[in-house]
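The values are calculated or read from the model by the stated rules, or taken from the named source; none is laboratory data. Bear in mind the structure is a predicted one, so any value in this text is a computation, not a measurement. Cβ atoms come from the backbone with ideal geometry, glycine included; neighbour counts cover every protein chain shown.
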Amino acid sequence: MAATRVKITLACTECESRNYNGTKSRQKHPERVEYRKFCRRCGKHTTHKETK
């Protein structure tokens with residue numbers, strides 16, 4: 001039986017910095033997620049995508 005929640009890392013699309021860790025539901029979001037979050041390195045809100 002597969003785990004329903006998996007660990008993910010979110011990386012900034014502008015500076016490629018890996019800023020956030022978290023979990024997601026594999027059943028609700030089988031594709032890679034994308035959020036708009038604050039990047040400390042860029043100093044502004046940017047799009048963060050799920051990485052491997």
Please verify whether the stretch 13-22 includes one or more residues that are over 12 Å from the mean Cα position of the chain (by Cα) and at pLDDT 95 or above. yes
For the stretch 41-52, what are the residues that are of a type in the set (Lys, Arg), over 9 Å from CYS12 (Cβ atoms) and at pLDDT 95 or above? LYS44
Could you run through the stretch 1-20 and say how many residues are more than 19 Å from HIS45 (Cα to Cα) and either free of Cβ contacts under 8 Å to residues at least 40 places away in the same chain or touching a helix residue (DSSP H, G or I) at 6+ places or on another chain (Cβ under 6 Å) (or both)? 7
Restrict the check to the stretch 38-46 and report whether at least one residue is surrounded by 13 or more Cβ atoms within 10 Å (Cβ to Cβ) and touching a His at 6+ places or on another chain (Cβ under 7 Å). yes
